[in-house]
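Before any comments, here is the structure.
The values are calculated or read from the model by the stated rules, or taken from the named source; none is laboratory data. Not measured: the values here are computed from a predicted model. All Cβ positions, even for glycine, are placed from backbone atoms using ideal geometry, and neighbour counts span all protein chains on display. These accessible areas exclude ligands, DNA and RNA; they are computed on the full protein's heavy atoms, side chains included. Shrake-Rupley method; radii C 1.70, N 1.55, O 1.52, S 1.80 Å.
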Amino acid sequence: MAGIERKEMKQGFRKNRRDGMIFGVCAGMSDQFGIDVLWTRVGFVALTLLGFGLPLLLYLAVAILAP
């Protein structure tokens, strides 16, 4: 189709090991949602402290299962 640009489709969640600190899960989430990785990490730490460790278990599950 001439003259029509196609948007590049994202192929789902992927870890970002290049910008990640431990497993790249927070960096991958910031890429997926288009926000700064610092705010993703701050939010994760806050949720971990308020959520009695459940977000930490979810983080480890994503670190193991996500490509």
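Quick rundown of the values:
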read-out: Residues located in the range 47-67, provided they are surrounded by 11 or more Cβ atoms within 10 Å (Cβ to Cβ), in contact (Cβ under 8 Å) with a residue 24 or more places away in the chain and part of a loop (DSSP other than H, G, I, E, B); value: A66
read-out: Which listed residue is aromatic (F, W, Y), open to solvent by 30 Å² or more (accessible area, probe 1.4 Å) and part of a loop (DSSP other than H, G, I, E, B), from F23, F44; value: F23
read-out: Among residues of the range 26-41, those that are free of Cβ contacts under 8 Å to residues at least 12 places away in the same chain, open to solvent by 70 Å² or more (accessible area, probe 1.4 Å) and not acidic (D, E), counted; value: 4
read-out: Number of the condition not met by M9 [criteria: (1) in a helix (DSSP H, G or I); (2) modelled with pLDDT under 90]; value: (1)
